[in-house]
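**Student:** Dropping a structure here in structure tokens format, bear with me for questions.
The values are calculated or read from the model by the stated rules, or taken from the named source; none is laboratory data. Since the structure is predicted, the reported quantities are computational estimates derived from the model, not experimental observations. Neighbour counts run over all protein chains shown; Cβ positions are idealised from the backbone, glycine included.
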């Protein structure tokens, strides 16, 4: 009798164990496939990056950063390109960030949920997927000719801002949605208005998510080529725009907004399309720098998100 | 109203709901014809099984339902002595919330410092004077029996406090603005017995200054702390009377069944 029971339990145990082994096989298969995909993607990117680094290695010196483009490949540098990229990104930042956050807060906190807000929602999501050349054409018609802004840093900054706007809006909305309802209710319960709740709580607690979106958007903008070519960025430029900050009052000027410019990806594109091999070295070096900047920005975004998640746990 | 005053000659009515109906946006009627007085300097407890509408009723008092579109009030809640119907569309819900504060079921401090949590209600009211804020924060934290535990770390994040401390911080936040009524929505349901006891003692002291309306799942808690108890079932007010009367000699059979544990 006792032996019967023992045998039955052992029997059952064998069955359970073989079942678990079978089920766990799925775990292992999925983990293996996932690992394979991740590693092959990482290796591909790494090989591309290292290839650029090796090809561009002879140009990795300070002169490359402080020289203007030149007819001689070894003397050519990316000064006007990185300054142009930086200035364009400043415009992009100041145009897209306030507008994007305001739009996100409005859609989440203020807008009534109806067919109109649904329409806006679909449009915003769609905008994030529109090919960048379309933005370039839009900007050419609207900013360059419509508003008469010309082929300037301002135009390029605003164009890239259009591109970045949906990313910031979507990031803002997602970050806002992560704020628990009971925190919002706590603020309303002490007598706060919608504006106070948005300003003192919603924006402050979604800061990390918003910042992540902003940085990822900027990282995308820095490598954008098509829309900047469409609006007519220069490909060879041997001067800098007027400095935004000066030594004499009023210390800040805005003349640089109206200057012609080039950006890093265009400089790279220009060099790669030359027949001389020596210029391809320059292009590779520029490419490595663009990838490095993008990696740095995305890394920063991840770091910020991690820090904020550690600080705020609902 | 005259009748009620005769029954409890010394009690002053601070607020009363008259023929209050409430429906959520999806059309479910959560409250049906509720008539209930809230007496000044007394604790009124709302008890009843889950889904009976007690929290819904509580949240009418600070117009919390206005935050979500489609909810519909009908009837009135009169706030004395000024006889304001706080459910009136012309009365700003923010004005109501400035007079009636609330403590929630789950401790919900802001992810800010202890000091900023307590000071927030005052900041919303435009108070900028550092000394006034300091005094008020200290007073409120003392009122919530939290001062001694946090006075040396007022600028620490509120999340670093224990659950019971967080809930007392929320009480301090609700207290700092000198409300006329404080609403408690199952304030101890997420807390351990000692933290619960602290908060119950706290409430007994608070009613000297203001009126309290509390929703509780815990009948012993209602019996321990409240002066009046209202039993609700399926959106209706079944019985309302002095707490010892409701618990020892209820008028209705349903109340007795619920209190003795035969039901619910």
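**Student:** Determine whether residue A:40 is out of contact with any helix residue (DSSP H, G or I) (no Cβ under 9 Å at 6 or more places or on another chain), exposed (fewer than 15 other Cβ atoms within 10 Å of the Cβ) and outside any helix (DSSP H, G or I).
**Tutor:** Considered against the rule, which asks whether it is out of contact with any helix residue (DSSP H, G or I) (no Cβ under 9 Å at 6 or more places or on another chain), exposed (fewer than 15 other Cβ atoms within 10 Å of the Cβ) and outside any helix (DSSP H, G or I), residue A:40 comes out as no.
**Student:** From the list B:117, B:108, which one is more than 16 Å from the chain's Cα centre (by Cα) and within 14 Å of chain A (Cβ to nearest Cβ)?
**Tutor:** B:117
**Student:** On to the next question. Of the residues A:47, A:83, A:33, which single one is assigned by TED's automatic domain parsing to the domain that holds residue A:263 and part of a helix (DSSP H, G or I)?
**Tutor:** From the options A:47, A:83, A:33, the qualifying one is A:83.
**Student:** Taking the criterion of being within 20 Å of the chain's Cα centre (by Cα) and closer than 28 Å to residue B:177 by Cα, would at least one residue in segment B:240-249 satisfy it?
**Tutor:** No: zero hits.
**Student:** Would you pick out the residues in segment A:275-314 that are away from chain B (no Cβ under 14 Å), assigned to a loop (DSSP other than H, G, I, E, B) and free of Cβ contacts under 8 Å to residues at least 12 places away in the same chain?
**Tutor:** A:275
**Student:** Same structure again: What do you reckon, is residue A:173 more than 14 Å from chain B (Cβ to nearest Cβ), more than 19 Å from the chain's Cα centre (by Cα) and either surrounded by fewer than 23 Cβ atoms within 10 Å (Cβ to Cβ) or under 15 Å from residue A:105 (Cβ atoms) (or both)?
**Tutor:** In short, no.
**Student:** Can you pull out every residue in segment A:186-238 that is more than 14 Å from chain B (Cβ to nearest Cβ) and closer than 30 Å to residue B:106 by Cβ?
**Tutor:** Correct list: A:210, A:211, A:212, A:213.
**Student:** Give the residues of segment B:40-73 that are surrounded by fewer than 23 Cβ atoms within 10 Å (Cβ to Cβ) and assigned to a strand (DSSP E or B), sorted by residue number.
**Tutor:** Listed by number, the residues that qualify are B:72, B:73.
Table: residues versus (1) farther than 24 Å from residue A:180 by Cβ; (2) in contact with a helix residue (DSSP H, G or I) (Cβ under 9 Å, 6 or more places away or on another chain); (3) without any contact (Cβ under 8 Å) to a residue 60 or more places away in the chain; (4) assigned by TED's automatic domain parsing to the domain that holds residue A:236.
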position	(1), (2), (3), (4)
A:107	no, yes, no, yes
A:116	yes, no, yes, yes
A:130	yes, yes, yes, yes
A:135	yes, yes, no, yes
A:145	yes, no, yes, yes
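**Student:** Go through A:237, A:266, A:304 for me and flag whichever is touching a helix residue (DSSP H, G or I) at 6+ places or on another chain (Cβ under 7 Å), in the same structural domain as residue A:87 (by TED's automatic domain parsing) and more than 18 Å from residue A:73 (Cα to Cα).
**Tutor:** Just one listed residue meets the conditions, A:304.
**Student:** Follow-up question, since we're still on this one. As an exercise: evaluate residue B:230 against (1) surrounded by fewer than 24 Cβ atoms within 10 Å (Cβ to Cβ); (2) out of contact with any helix residue (DSSP H, G or I) (no Cβ under 7 Å at 6 or more places or on another chain); (3) closer than 21 Å to residue B:48 by Cβ and give the number of the one condition it does not meet.
**Tutor:** Here residue B:230 clears every test but (1).
**Student:** Given (1) within 14 Å of chain B (Cβ to nearest Cβ); (2) crowded, with 22+ Cβ neighbours inside 10 Å, identify the lone condition not met by residue A:178.
**Tutor:** (2)
**Student:** Among the numbered criteria (1) crowded, with 19+ Cβ neighbours inside 10 Å; (2) touching a residue at least 24 places away in the same chain (Cβ under 8 Å); (3) within 30 Å of residue A:159 (Cα to Cα), which single criterion is violated by residue A:73?
**Tutor:** Only one criterion is unmet by residue A:73, namely (3).
**Student:** Follow-up. Sort out which residues of segment B:155-166 are touching a strand residue (DSSP E or B) at 6+ places or on another chain (Cβ under 7 Å) and either at pLDDT 95 or above or away from chain A (no Cβ under 12 Å) (or both), and write them in order of number.
**Tutor:** If the condition is that a residue be touching a strand residue (DSSP E or B) at 6+ places or on another chain (Cβ under 7 Å) and either at pLDDT 95 or above or away from chain A (no Cβ under 12 Å) (or both), then B:155, B:156 are the ones that fit.
**Student:** Only residues that are surrounded by fewer than 23 Cβ atoms within 10 Å (Cβ to Cβ) and over 16 Å from residue A:201 (Cβ atoms): list them for segment B:97-114, please.
**Tutor:** Answer for segment B:97-114, where residues must be surrounded by fewer than 23 Cβ atoms within 10 Å (Cβ to Cβ) and over 16 Å from residue A:201 (Cβ atoms): B:98, B:99, B:105, B:106.
**Student:** Give the residues of segment A:204-240 that are over 30 Å from residue A:149 (Cβ atoms) and part of a helix (DSSP H, G or I), sorted by residue number.
**Tutor:** A:204, A:205, A:207, A:208, A:209, A:212
**Student:** Scan segment B:194-208 and tell me whether some residue there is within 14 Å of chain A (Cβ to nearest Cβ) and more than 19 Å from residue A:190 (Cα to Cα).
**Tutor:** Looking for residues that are within 14 Å of chain A (Cβ to nearest Cβ) and more than 19 Å from residue A:190 (Cα to Cα), one finds none in segment B:194-208, hence no.
**Student:** Against the conditions (1) in contact (Cβ under 8 Å) with a residue 24 or more places away in the chain; (2) under 18 Å from residue B:25 (Cα atoms), where does residue B:100 fall short? Just the number, please.
**Tutor:** Only one criterion in (1) in contact (Cβ under 8 Å) with a residue 24 or more places away in the chain; (2) under 18 Å from residue B:25 (Cα atoms) is unmet by residue B:100, namely (2).
**Student:** Select from segment A:58-70 the residues that are without any contact (Cβ under 8 Å) to a residue 40 or more places away in the chain and part of a helix (DSSP H, G or I) and write down the one among them that is nearest to residue A:243 (Cα to Cα).
**Tutor:** Among them, the one singled out is A:66.
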